[in-house]
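Data block below; observations after.
Each reported figure results from applying straightforward, stated rules to the coordinates on display, with no laboratory input. This is a predicted model, so every value here is computed, not measured. In this analysis, Cβ positions are derived from the backbone assuming ideal geometry, glycine residues included, and neighbour counts consider all displayed protein chains.
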Amino acid sequence: MKIVRRPSVLRREIIRLRKSGRSIGFVPTMGALHEGHLSLVRRSVKRHDVTIVSIFVNPLQFGRGEDFKRYPKNLKRDLGLLAPTGATLVFVPSAEDLYGSFFQTTVKVEGVSQGLCGKSRPGHFAGVATVVLKLLNLVAPDTLYLGQKDYQQCRVVDRMVQDLNLPVRVEMVPTVRETDGLAMSSRNVYLSADERVEAPKIYQALLKVRRLAREGERRVTRLKEILKDELLKATGCRIDYAEIVDATTLKEMSRLEKGKKALCAVAVFFGKTRLIDNIVLSS
Ligand code: AMP
């Protein structure tokens, strides 16, 4: 497994790999890897000759007062986890290498960036879209692997790929969870022992909504009420948002409709720690 830090070196490697006709899968991450990340990597390794993983905590996607400075970092551990997966190359650029001092260009995806996390984290998805576009230009993969845990991020990137005719396929990989249902996240390490005990109630709330939807409840207002009540059963949980939206457009809806997928998505705080999760409702 090669470790590459400089974008120019990465480009050279990619040109060499492309010339030999090998297919490339790409998994962008911010490091502090866990089984969720590794499931994306393993899927790519299975399907491609070459798998590139990037580890980069992208300053552009963090707002003021967010956790950019304290975001967990442990490159040695990450590389140890990646080595046995069969990943070919790990790209670990510095912010200086990737953005330089004169960076002036950002990509803004409109509609799908606006609700949910876009509302509470202004500028976040422009930061995400910009770094993903830069990484796609450098890596030129056949397939980009993203996790469903960040469902809105998948939709934003998917939209950008379609709107800008980027020659890449986007594949969304299911959320990997701890045995108690908590979605794996690099941010789970911020939780205190007490918060960690309460946090699985997020997924229980999502499951309850899905069960009620399957049993025939179609009124979104009613489902959202139940969702919020269930979330608040977790001691110390503060709701940032708890929404049910059209799974493709991410626009609000008033009723679940047959044959139309809906997304039930939540963001909650435990203390300063912000956790997100979601489930797709298909009726
Ligand atoms: P991050 O390092 O948080 O930027 O995540 C990198 C990629 O891993 C993104 O595509 C995430 O959606 C994905 N990911 C993060 N957590 C999980 C999880 N629990 N299950 C599946 N994919 C995940």
Built amide H within the under 5 Å cut-off of MET30, gap 5+:
PHE56
Convex hull projection area averaged over all views, the stretch 117-181, Cα basis, nm²:
5.2
Could you tell me which of THR106, LEU207, SER8 has its Cα farthest along the dipole of the chain towards the positive end, charges placed at Cβ (Lys, Arg +1; Asp, Glu -1), taken about the Cα centre?
SER8
So if I average 1/r over every pair of distinct C-alpha atoms in the stretch 130-283 and take the inverse, what Kirkwood radius in Å does that give?
16.6
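Run the dipole for the chain about the Cα centre, Lys and Arg Cβ at +1, Asp and Glu Cβ at -1, nothing else charged, and hand back the magnitude in debye, nearest 20.
The calculation lands at about 480 debye.
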Take the residue pairs LYS119/LYS224; LYS201/LYS224; LYS108/LYS208; LYS119/LYS260; LYS69/LYS208; LYS149/LYS208 and return only those whose Cα atoms are more than 27 Å apart.
LYS108/LYS208; LYS69/LYS208
Distance (nanometres) between label positions extended 7 Å along Cα→Cβ at ARG22 and ARG219:
5.8
How would TYR190, TYR241 line up from fewest to most surrounding beta-carbon atoms within 10 angstrom?
TYR241, TYR190
Mind pulling the angle between the C-alpha long axis of helix 201-214 and the longest principal axis of the chain? Nearest 10 degrees, somewhere in 0 to 90.
70
Determine the calculated [θ] at 222 nm for the chain from helices alone, applying -39500 (n - 2.57) to every DSSP H run no shorter than 4 residues and normalising by the residue count; nearest 500 deg cm²/dmol.
-11500 deg cm²/dmol
Sequence order, the stretch 164-170: Karplus ³J(HN,Hα) from phi using 6.51 cos²θ - 1.76 cosθ + 1.60, θ = phi - 60°, Hz rounded, Gly and Pro as x, gives 9, 6, 6, x, 8, 9, 9
Karplus 3J(HN,Hα) series, Hz, for the stretch 36-50 with 6.51 cos²θ - 1.76 cosθ + 1.60 (x for Gly, Pro)
x, 4, 5, 5, 5, 5, 4, 4, 5, 4, 5, 9, 10, 5, 10
Along the Cα-to-C-beta direction of VAL9, a point sits 7 Å from the Cα; which residues of the stretch 71-113 have their amide N less than 14 Å from that point?
89-94, 97-98
Scale the Cα Rg of the chain by the rule-of-thumb value 2.2 N^0.38 Å and send over the ratio, two decimals.
1.02
The set of residues whose placed amide H lies less than 5 Å from the amide H of SER23, leaving out same-chain residues fewer than 5 positions away, is ASP49, VAL50
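Answer rounded, prolate or oblate for the stretch 144-217, using the Cα gyration tensor with square roots of eigenvalues a ≥ b ≥ c: rounded when a/c is under 1.5, else prolate when a/b is larger than b/c, else oblate. Don't jump to the answer; show the numbers that get you there.
Numbers: a/c = 3.19, a/b = 1.55, b/c = 2.07.
It is oblate, given that a/c is not under 1.5 and a/b is not larger than b/c.
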Let me know the longest stretch in the chain that avoids all GluC sites (Glu not before Pro) found in a DSSP loop with at most 11 other C-beta atoms within 10 Å.
1-109
Could you please rank SER120, SER20, placing first whichever residue has the fewest other Cβ atoms within 10 Å of its Cβ?
SER20, SER120
5 angstrom amide H check on ARG177, placed H, neighbours 5+ away
MET184
